[in-house]
Amino acid sequence: EAGTGFLEQLKSCIVWSWTYLWTLWFFIMLFLVYILRVPLKINDNLTTVSMFLNTLTPKFYVALTGTSSLISGLILIFEWWYFRKYGTSFIEQVSVSHLRPLLGGVDSSAPSAASAAGGDADSSRQSVSECKVWRNPLNLFRGAEYNRYTWVTGREPLTYYDMNLSAQDHQTFFTCDTDHLRPADAIMQKAWRERNPQARISAAHEALELNECATAYILLAEEEATTIVEAEKLFKQALKAGEGCYRRSQQLQHHGAQYEAQHRRDTNVLVYIKRRLAMCARKLGRTREAVKMMRDLMKEFPLLSMFNIHENLLEALLELQAYADVQAVLAKYDDISLPKSATICYTAALLKARAVSDKFSPEAASRRGLSTAEMNAVEAIHRAVEFNPHVPKYLLEMKSLILPPEHILKRGDSEAIAYAFFHLQHWKRVEGALNLLHCTWEGTFRMIPYPLEKGHLFYPYPICTETADRELLPSFHEVSVYPKKELPFFILFTAGLCSFTAMLALLTHQFPELMGVFAKAFLSTLFAPLNFVMEKVESILPSSLWHQLTRI
């Protein structure tokens, strides 16, 4: 143990010396090289090297500079590809991850005990909650909408990661520990874990042959039905079976933990069915019926806020242009103690913009200033943009929309797509709303500190959104990134090096004699200070110093 402690102490001393005394080390090495110049025959070796370089033809220098340009160009291409894919420089990442610890640097990714126990723990917990993936309240139907898109375009709108999250949700909401006691539910328990869509559908049909199984109807409505009308019919059959199971489990829920878990599962199934039926009615144009179903569902199950049914209700009320009802829903859910979403923030901004947007003119506002109502609308837009800065580009049609994923990341590009996909029509319906958004949304970024160490109205924008959105969104979509990352130093360096060496290769090939003269003049100028220093040192120290030291 004593030997190990001594080695560790010696290592720490060496690391400390390399970290803080590297300048002294450098001058010591130069002094030693100078002292040993005679026995090492440095002067003779330099003369030999200079004679060799003088014998080289211009073709060698063309090949040398051309090869350097090619290698730096390949490094540039790799660095650019790595930056576009992972958002960081490969050379910089390797330097920080592997070289910095060897030189005694501290790994910034390792939190200290003090920060874990202090205020940093709260911010890290907030960052984790901000980067949590949520179920999309307005997710489409796989069979009737996502699969139809695949049939027409040949593209897959859903990623494997997104579908895997949906499978986990289905197992959480639609299964319980007592499913093995009922053959149909046991089959569906395996079906929700099945990856092959056809195998899931076959298992659902097999379960229906044994019993009227609500979850089997749900799976067929989601994945086998090719139209919304077919899906609605299957959901109505699921509702009939689900209500029967819910009533039976409701009577037995207090008889034990297993009955309570079964009742919780039946409740989730019933809420899911009623919500999807309301969404079918909304998609088929029966909007008032959909609003009534959503209101009844929220009254019957007020504690199931995890489904975010109020976001479906807000979209349906906006379709009816019932803005007073929209404001009443916002008054309940746009509370400081409740989690925010793009739907809540941008709907609040839309309502305030609606009061002034029809008469808003940027020229008139710059002359007379903003009125109180206009100021409230601009502040609401700034609030919404700070929460999710990706939405305006989709609402203003600066970026093309795709089908929204089944899961979204709050404040991320996936949430922006899901919101704009359903709410763009509502912004277009309000006269002047998009014009007001276009004139004011970029002003948000002047109020947010950079580099985003703190927010203005919300927590600092999380740094994990880009990675999660790339997992949720298909590869053919260009993910929106905020804030825009600056090009790393090594990309700029390799680009300059590639261009400079390519230019040298071209000039050396075209003007070999002139470039030779230029190279000699440049090298002589470069080494002139060194030669001057060497002459002064030789005038101070005798050339026979090495021999005197050996005698001693």
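Quick check on segment 390-409. Is at least one of its residues of a type in the set (S, T, N, Q), under 19 Å from GLU319 (Cβ atoms) and open to solvent by 10 Å² or more (accessible area, probe 1.4 Å)? Show your work before the answer.
First, pick out the residues of segment 390-409 that are of a type in the set (S, T, N, Q): 400.
The next check asks that each one be under 19 Å from GLU319 (Cβ atoms); those that pass are none.
The answer is no, given that none of the residues of segment 390-409 is of a type in the set (S, T, N, Q), under 19 Å from GLU319 (Cβ atoms) and open to solvent by 10 Å² or more (accessible area, probe 1.4 Å).
Checking each residue in segment 225-261 for being over 42 Å from the mean Cα position of the chain (by Cα) and open to solvent by less than 70 Å² (accessible area, probe 1.4 Å) picks out GLY244, SER249, LEU252, GLN253, GLY256.
Return a yes/no flag: does segment 339-353 have any residue that is of a type in the set (Phe, Trp, Tyr) and either buried (at least 19 other Cβ atoms within 10 Å of the Cβ) or in contact with a helix residue (DSSP H, G or I) (Cβ under 6 Å, 6 or more places away or on another chain) (or both). Checked against the condition, which is being of a type in the set (Phe, Trp, Tyr) and either buried (at least 19 other Cβ atoms within 10 Å of the Cβ) or in contact with a helix residue (DSSP H, G or I) (Cβ under 6 Å, 6 or more places away or on another chain) (or both), segment 339-353 yields at least one hit. If you go through segment 172-196 and keep only what is farther than 20 Å from TYR246 by Cβ and in contact with a Lys or Arg (Cβ under 8 Å, 6 or more places away or on another chain), you end up with ALA191, GLU194. Using the structure shown, decide if ALA331 is at pLDDT 90 or above and over 30 Å from GLU222 (Cα atoms). When the stated conditions are applied, ALA331 does not pass them. Exactly one condition in (1) open to solvent by 60 Å² or more (accessible area, probe 1.4 Å); (2) closer than 26 Å to CYS464 by Cα is not met by ASP334; state its number. With respect to (1) open to solvent by 60 Å² or more (accessible area, probe 1.4 Å); (2) closer than 26 Å to CYS464 by Cα, ASP334 is out only on (1). Only residues in segment 201-214 that are of a type in the set (S, T, N, Q) count as the first member; pair them with residues that are assigned to a helix (DSSP H, G or I), Cβ under 6 angstrom, at least 6 apart or cross-chain, and list the lot. Sorted first by the residue in segment 201-214, then by its partner, the pairs are ASN211/ALA184. Being touching a Cys at 6+ places or on another chain (Cβ under 6 Å) and open to solvent by less than 60 Å² (accessible area, probe 1.4 Å) is a property that ILE218 lacks.
Among the residues of segment 420-429, at least one is under 19 Å from the mean Cα position of the chain (by Cα) and within 14 Å of VAL391 (Cβ to Cβ).
The values are calculated or read from the model by the stated rules, or taken from the named source; none is laboratory data. None of the values given here were measured: they were computed from a predicted structure. Note: ideal-geometry Cβ built from the backbone for every residue, glycine included; neighbour counts use all protein chains shown. When the accessible area is computed, the model is the full protein with side chains, heavy atoms only, and any ligands, DNA or RNA have been set aside. Shrake-Rupley method; radii C 1.70, N 1.55, O 1.52, S 1.80 Å.
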